[in-house]
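Novice: Got a structure for you, questions after.
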Amino acid sequence: MKPVNLKELADAFENIDDSDGWNYYVDKRDGKIYSFERRHLAIAGFYLDGDDYEVYPAEQDEIDAARAFTENYDREYVVAFPDKYELREYDIMEEFAEGLPAAAANKIYGAIRGKGAFRRFRETVTRLGLLDEWYVYRDSAMMERARIWCLRNDIDYEPKPKKSPDKLG
């Protein structure tokens with residue numbers, strides 16, 4: 001068993017969007033992160049939905065990779081990524097605001113209420129000059145979520161943090 005790189009995993013977690021047509025996995029055997037378009041997995045026989053898809057020559061390499069993944073798939077070792085709701089990105093924005101002075105925090109709390117919260121949050125932290133601080137905070141929080149996800153799924157990872165609380169935001 002090879003450990004997954006925690007930084008790569010955290011970066012991959014940031015790409016999760018349940019509506020984009022991609023699936024993401026970690027294989028405990030080789031520590032690799034795999035990502036495939038859902039239709040390529042379907043063409044490769046990963047799903048038993050019976051849908052017929054047109055195959056374009058330019059995507060043959062991706063289909064071949066999906067087919068190899070499907071042939072080697074073992075649910076004991078391959079773990080699907082959490083969905084974006086499990087990662088609770090909204091909570092990360094709230095936690096970031098908690099550490100700010102009251103005036104800035106109140107502006108952020110107001111921005112993240114209702115539809116369009118993520119866009120308004122980004123606009124607000126940019127306007128407040130906190131965008132760089134936000135990225136550092138978000139990266140750290142995503143690393144912690146990746147670490148906890150690994151622990152919950154019995155996935156070895158590296159590097160191991162020196163000291164880190166065991167809580168999920």
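The values are calculated or read from the model by the stated rules, or taken from the named source; none is laboratory data. Remember, predicted model here, so these are calculated numbers, not experimental data. Neighbour counts run over all protein chains shown; Cβ positions are idealised from the backbone, glycine included.
Novice: Might you check whether a residue that is outside any helix (DSSP H, G or I) and buried (at least 17 other Cβ atoms within 10 Å of the Cβ) occurs anywhere in the range 113-120? Talk me through it step by step, then tell me what you get.
Specialist: Going residue by residue through the range 113-120, those that are outside any helix (DSSP H, G or I) are 113-116.
Narrowing the set further to residues that are buried (at least 17 other Cβ atoms within 10 Å of the Cβ) leaves none.
Looking through the range 113-120, none of the residues is outside any helix (DSSP H, G or I) and buried (at least 17 other Cβ atoms within 10 Å of the Cβ).
Novice: How many of the residues in the range 60-87 are over 18 Å from the mean Cα position of the chain (by Cα) and not in a helix (DSSP H, G or I)? Quick ask: steps written out before the conclusion?
Specialist: At the first step, the residues of the range 60-87 found to be over 18 Å from the mean Cα position of the chain (by Cα) are 60-77.
Those left that are additionally not in a helix (DSSP H, G or I): 73-77.
Number satisfying all stated conditions: 5.
Novice: Okay, moving on. With closer than 29 Å to residue 148 by Cα, surrounded by 14 or more Cβ atoms within 10 Å (Cβ to Cβ), modelled with pLDDT of 95 or more and acidic (Asp, Glu) as the only criterion, which of 14, 8, 37, 62 stands out?
Specialist: Going through 14, 8, 37, 62 in turn, the sole match is 8.
Novice: Of all the residues that make up the range 86-102, how many are in contact (Cβ under 8 Å) with a residue 40 or more places away in the chain and not charged (D, E, K, R)?
Specialist: Here the count works out to 3.
Novice: Could you list, ordered by first residue, the pairs with Cβ atoms under 9 Å in which the first is in the range 32-44 and closer than 26 Å to residue 6 by Cβ and the second is β-branched (Val, Ile, Thr), at least 6 apart or interchain?
Specialist: Partner pairs satisfying both residue conditions: 32/4; 32/26; 33/4; 33/26; 34/26; 34/78; 41/70.
Novice: Right, something else. Looking only at the range 42-58, how many residues end up being surrounded by fewer than 16 Cβ atoms within 10 Å (Cβ to Cβ) and not in a loop (DSSP other than H, G, I, E, B)?
Specialist: Residues flagged as surrounded by fewer than 16 Cβ atoms within 10 Å (Cβ to Cβ) and not in a loop (DSSP other than H, G, I, E, B) within the range 42-58 amount to 2.
Novice: Then there is this: So which of 106, 72 ends up being surrounded by fewer than 16 Cβ atoms within 10 Å (Cβ to Cβ) and closer than 20 Å to residue 32 by Cα?
Specialist: Working: 106 fails: closer than 20 Å to residue 32 by Cα.
Answer to the check: 72.
Novice: Here's something else I'd like to know. Looking only at residues in the range 1-16 that are in a loop (DSSP other than H, G, I, E, B) and touching a residue at least 60 places away in the same chain (Cβ under 8 Å), which one is farthest from the chain's Cα centre (by Cα)?
Specialist: Looking at residues that are in a loop (DSSP other than H, G, I, E, B) and touching a residue at least 60 places away in the same chain (Cβ under 8 Å), I get 1.
Novice: Please pick out the residue among 137, 90 that is surrounded by fewer than 16 Cβ atoms within 10 Å (Cβ to Cβ) and in a helix (DSSP H, G or I).
Specialist: None of the other options fit; the residue is 90.
Novice: Among (1) closer than 25 Å to residue 17 by Cβ; (2) free of Cβ contacts under 8 Å to residues at least 60 places away in the same chain; (3) among the small types (Gly, Ala, Ser), where does residue 105 come up short?
Specialist: (1)
Novice: Say whether the condition of being out of contact with any strand residue (DSSP E or B) (no Cβ under 8 Å at 6 or more places or on another chain), under 19 Å from residue 10 (Cβ atoms) and modelled with pLDDT of 95 or more is met by at least one residue in the range 97-120.
Specialist: no
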